[in-house]
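The values are calculated or read from the model by the stated rules, or taken from the named source; none is laboratory data. Bear in mind the structure is a predicted one, so any value in this text is a computation, not a measurement. FYI the Cβ positions are ideal-geometry reconstructions off the backbone, even for glycines, and counts take in every protein chain you see. Calculation scope for accessible area: heavy atoms of the full protein, side chains included, ligands and nucleic acids excluded. Shrake-Rupley method; radii C 1.70, N 1.55, O 1.52, S 1.80 Å.
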Amino acid sequence: MKRAAIILFTTFSSFVILDSSKVANHDTNYSRLDSLRGMITPERAWWDLTYYHLAITVDPNTKSLMGTNRVDYKVLSENQVIQIDLQAPLVMESAEQNGVDLELKKEGPAHFITLKEKQEIGNVNSLIIKYSGQPVVAENAPWDGGITWTKDNNGNDFVASSCQGLGASVWWPCKDHMYDEVDSMLMSITVPKHLMDVSNGRLRGVDKNKNGTNTYHWFVNNPINNYGVNINVGDYVHFNEIYDGEKGPLTMDYYVLRDNLKKAKQQFKDGPRTMEALEHWFGPYPFYEDGYKLVEAPYLGMEHQSSVTYGNGYQNGYRGTDLSGTGWGLKWDYIIIHETGHEWFANNITYKDMADMWVHEGFTSYSEGLFTEYFYGKEAGAEYIRGLRAGISNTEPIIADYGVNAHGSGDMYPKGANLLHTLRQVVNDDQKWREILRGLNETFYHQTVTTQQIEGYISQNCGRDLQYVFDQYLRGSSLPVLEYVLKENNVLYRWSGVVEGFNLPIRAYVNSTEVWIEPTTSWQGTSFASPDSFKVDPNFYVTVLDVMGS
């Protein structure tokens, strides 16, 4: 009913999102298939997801999947055709309702199923989808999506899913749109008996089958988005701890390859540290009922709900690199902090349309600075966020085109973080700012949202209309330029290169004295005896230009 991505740094100061979805470009000629993937089509809109039971066999020898997905839904309005998505080369073999086979019509990944029984408003009905095949192989997970089939150092199969952007239908049949999250889900994953599957939620039991396989039953008790669902198959060993969190005891379980147990027990100490810092800033971890897991994966990592995947090589930073260039990013493991941060912004608060992906990535990149601040001090956190500016291109908008499964510029990570850091300066009250961050997670708890909802909440609780500020940073590409002139006993200033109505207040220092100014696009001034210097607080992400060059 209810209802990142990862970044690739090509150089220290340049990164892009790489996945199989489209980058927004208003000159792009989107296809009907883009709309079928990205729109709330009539065949999606009339029903509300309530439950999935995904029961599949993972066969590493043939690199194939086969099984069924039970789809329970509530009828919201009259319709007799339902859309279920599954991407080639996987094949939807059949669909049935109450034992009756149904007609399938395929258009790209969209499968339109004609229902024979009348769909009565208010009823909860069920479909059984049978499928099989060899799914898309993820050649460069998690950016290109699909299934990763590889081996560990001992020759054991090591298999994992990753699919943000490309869509969960790359490996299982589902309602593949972010606006509608299933209320709960059972996953029954059958694997060779010498391996283990780790998926979302809590392990209900393991069936030891007579054919040399085991079936692991994982149950998710909370709403979950499609790309947050995952399988991880390997020669795992397990250790755990209990974290004393804001809502009581939280189980923290760790699944790692056998040879990495010693390293993991040391590196994963950042797990409870992350919980401590982010519960402080964002409020209680959103999925106590399902617990928290870190699961080693054969790729860098992903924010799979309650089953965060990890492949950072048991080292601090981003693959051993500090993305901020300040040194602070080497004091903690980037993947543990960043991907866990997504439990609040991506899994608790989830975009309805990928065009608003900044809600996931901007806030979660910002959480890296908040983590740093919590353990190393306020200025350390600020330095980290400011350091991320080296990776901002300011060439494309952050918000993308709607309804076509497109995402915006990779600037959504560091620029989104710096936008939030700038807004904190505007609020100028750290306790109030913390209340806003926690309030977002309480107000939009387990919901899919639009950026307008997030922007509106921040404006309302800041007590200031920030619409034009959001327009400048999210819907435009260039930075606002604050021009100034020191003239006689005045400091003159104005905005240039901004959207109409831009109204960001600025904390500045004239002769080292703090002043707050409210620039517009017209020259205005502040009287000040013998102004020798004018500096803007560097925590505001703006360009400052002395037009006289003094």
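Here, the range 253-358 is characterised by an Rg to Rh ratio of 0.96, where Rg is the alpha-carbon radius of gyration and Rh the Kirkwood radius.
Sort Cys462, Cys163 by accessible area with a 1.4 Å probe, largest first. Could the numbers behind the result be given before it?
Numbers: Cys462 25, Cys163 0 Å².
Output order, biggest surface exposure first: Cys462, Cys163.
Measuring spread by the Cα atoms of the range 94-226 yields a radius of gyration and Dmax of 17.1, 55 Å.
Taking the protein heavy atoms of the range 258-314 in the context of the full set of protein chains, the accessible area attributed to carbon and sulfur is 49 percent at 1.4 Å. On a C-alpha basis, how far is the centre of the range 403-437 from the centre of the range 340-375 in Å? Whole number, if you could? So the separation of the two Cα centres works out to 9 Å.
From the protein chains alone at 1.4 Å, what is the descending order of accessible area for Tyr351, Tyr51, largest first? Write out the running numbers ahead of the final one.
On the way: Tyr351 5, Tyr51 45 Å².
Most to least solvent-accessible, the answer reads Tyr51, Tyr351.
Can you give the net charge of the other residues whose Cβ lies under 12 Å from the Cβ of Met548, counting K and R as +1 and D and E as -1? Value of the local net charge: -1. All other residues with a Cβ under 12 Å from the Cβ of Asp235 taken together, and with Lys, Arg as +1 and Asp, Glu as -1, what is their net charge? That works out to -2.
Taking only protein heavy atoms and a 1.4 Å probe, the accessible area of the range 398-492 is 42% carbon and sulfur. Using a probe of 1.4 angstrom and keeping all protein chains present, the accessible surface of the chain works out to 37 square angstrom per residue. Based on the convex hull around the alpha carbon atoms, the chain presents an average projected area of 26.0 nm². For the range 349-361, the Karplus equation 6.51 cos²θ - 1.76 cosθ + 1.60, evaluated at θ = phi - 60°, returns couplings of 9, 10, 5, 7, 10, 5, 4, 9, 4, 4, 4, 6, 7 Hz by residue, with Gly and Pro reported as x.
Each residue of the range 159-164 was assigned a 3J(HN,Hα) from its phi angle through the Karplus curve 6.51 cos²θ - 1.76 cosθ + 1.60 (θ = phi - 60°); the sequence is 10, 7, 9, 7, 7, 4 Hz, with glycine and proline shown as x.
Karplus-derived 3J(HN,Hα) values for the range 442-451, using 6.51 cos²θ - 1.76 cosθ + 1.60 with θ = phi - 60°, are 7, 5, 10, 4, 6, 10, 8, 9, 9, 4 Hz; glycine and proline are entered as x. Using a cutoff of 8 angstrom between alpha carbon atoms and counting only pairs six or more residues apart, the relative contact order for the range 391-550 works out to 22 percent.
Take every DSSP beta bridge with both residues inside the chain and express the antiparallel ones as a percent of the total, to the nearest 5. Walk me through the numbers on the way to the answer.
Details: 101 of 127 bridges.
If I count the DSSP bridges inside the chain, around 80 percent turn out antiparallel.
The separation of the range 443-472 from the range 46-66, counted between C-alpha centres, amounts to 36 Å.
As a size descriptor, the averaged projected area of the C-alpha convex hull of the range 149-291 was calculated at 9.9 nm².
Over all alpha-carbon pairs in the range 218-270, figure out the percentage whose distance exceeds 12 Å. If you can, show how the numbers build up before the last one.
Working: 1018 of 1378 pairs.
So the portion of pairs separated by more than 12 Å is 74 percent.
Less than 5 angstrom separates the built amide H of Gly313 from none of the residues sequence-distant by 5 or more or on a different chain. In plain terms, the C-alpha convex hull of the range 112-178 casts an average shadow of 6.8 nm² when viewed from every direction. Nonpolar atom fraction for the range 25-86, defined as the carbon and sulfur part of the 1.4 Å probe accessible area, stands at 51 percent. The alpha carbon convex hull volume per residue for the range 293-348 rounds to 72 Å³.
Taken along the Cα-to-beta-carbon direction at a fixed 7 Å, the label points for Asp207 and Gln452 span 4.7 nm.
Over the range 301-444, the pair-distance histogram of Cα-Cα distances with 5 Å bins from zero comes to 2, 10, 17, 23, 22, 17, 7, 2, 0 percent, rounded to whole numbers. Relative to one another, the C-alpha centroids of the range 254-288 and the range 110-178 are positioned 27 Å apart. Estimated from helical segments only, the mean residue ellipticity of the chain at 222 nm is -6000 deg cm²/dmol, where each DSSP H run of four or more residues counts as -39500 (n - 2.57). Each Cα pair under 8 Å and six or more residues apart adds its sequence gap; the mean of these over the residue count of the range 266-378 is a relative contact order of 25 percent.
Among residues other than Phe375 whose Cβ falls under 15 Å from its Cβ, what is the net charge (Lys/Arg +1, Asp/Glu -1)? Intermediate values should be presented prior to the final figure.
Values: positive: Lys269, Arg273, Lys331, Lys378; negative: Asp270, Glu276, Glu279, Asp333, Glu368, Glu373, Glu379, Glu383.
Surrounding charge for Phe375 is -4.
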